[in-house]
Amino acid sequence: MVNETLKQIKEGLNFPFVNVGYSCLGGKDVYILVSLEVKGEWQNDIMENSPYARFVVGGGKIEHFAGWSLKKNFRKCKYKSVEDVISKLNKYYEEVKQC
């Protein structure tokens, strides 16, 4: 079930680079790493040199907890389903892409 959810999120997001993981430390959360650049464009092949964001999804909330060089902030919000998470993050991607 968890692997299917992670795969669904990874395939559903429109960002050029997406990495999705799961943690059960301190709760059952999904961690999402996205970048506005593909891996080959990162300066010195270091992800933190690209415009990126990290999100934690769990407990009915999506929260942005790290990132760099994104011109629009992501507000903490609630979700009801995996499709809702994908929709909200893709909407954020479209907003950031246009900045």
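Nearest 10 degrees, 0 to 90: what angle lies between the long axis of helix 82-98 and the longest principal axis of the chain (Cα atoms)?
The angle comes out at about 20 degrees.
Length gain on complete extension for the stretch Val18 to Val2, per 0.36 nm per residue less the alpha carbon to alpha carbon distance?
On the way: separation 16, 0.36 × 16 = 5.76 nm, distance 1.68 nm.
Fully extending the segment from Val18 to Val2 adds 4.1 nm.
So what is the calculated 222 nm ellipticity per residue for the chain, using -39500 (n - 2.57) for each DSSP H run with n of 4 or more, over all residues, to the nearest 500 deg cm²/dmol?
Details: 2 runs with 28 residues, N = 99.
Estimated from H runs of four or more residues: -9000 deg cm²/dmol.
Can you compute log10 of I(q)/I(0) for segment 2-99 with the Debye formula, treating each Cα as one identical point scatterer, at q = 0.18, 0.19, 0.20, 0.23 Å⁻¹?
-0.81, -0.91, -1.00, -1.30
What does the C-alpha gyration tensor say about the overall shape of segment 43-96? Classify as rounded when a/c is under 1.5, otherwise prolate if a/b is larger than b/c, or oblate.
On the way: a/c = 2.29, a/b = 1.92, b/c = 1.19.
Taking the square roots of the gyration eigenvalues as a ≥ b ≥ c, segment 43-96 is prolate.
If you take the beta carbon distance between Val38 and Cys99 as r and set R0 to 22 Å, what does 1/(1 + (r/R0)^6) give as a FRET efficiency, to the nearest 0.05?
Numbers: r = 19 Å, r/R0 = 0.85.
With a Förster radius of 22 Å, E is 0.70.
Using the alpha-carbon atoms, what tilt in degrees (0 to 90, nearest 10) does helix 2-12 show relative to the longest principal axis of the chain?
40 degrees
Apply the Kirkwood formula to segment 1-47: the hydrodynamic radius equals the inverse of the mean of 1/r over all pairs of different alpha-carbon atoms; give it in Å with one decimal.
On the way: mean 1/r = 0.0847 Å⁻¹.
Final number for the Kirkwood radius of segment 1-47 is 11.8 Å.
Since every read-out is calculated from the coordinates, none of them should be taken as a lab result. From a predicted model like this one, the values you see are computed outputs, not experimental measurements. Counting neighbours? That spans all protein chains shown, and the Cβs are built from the backbone with ideal geometry, glycine included.
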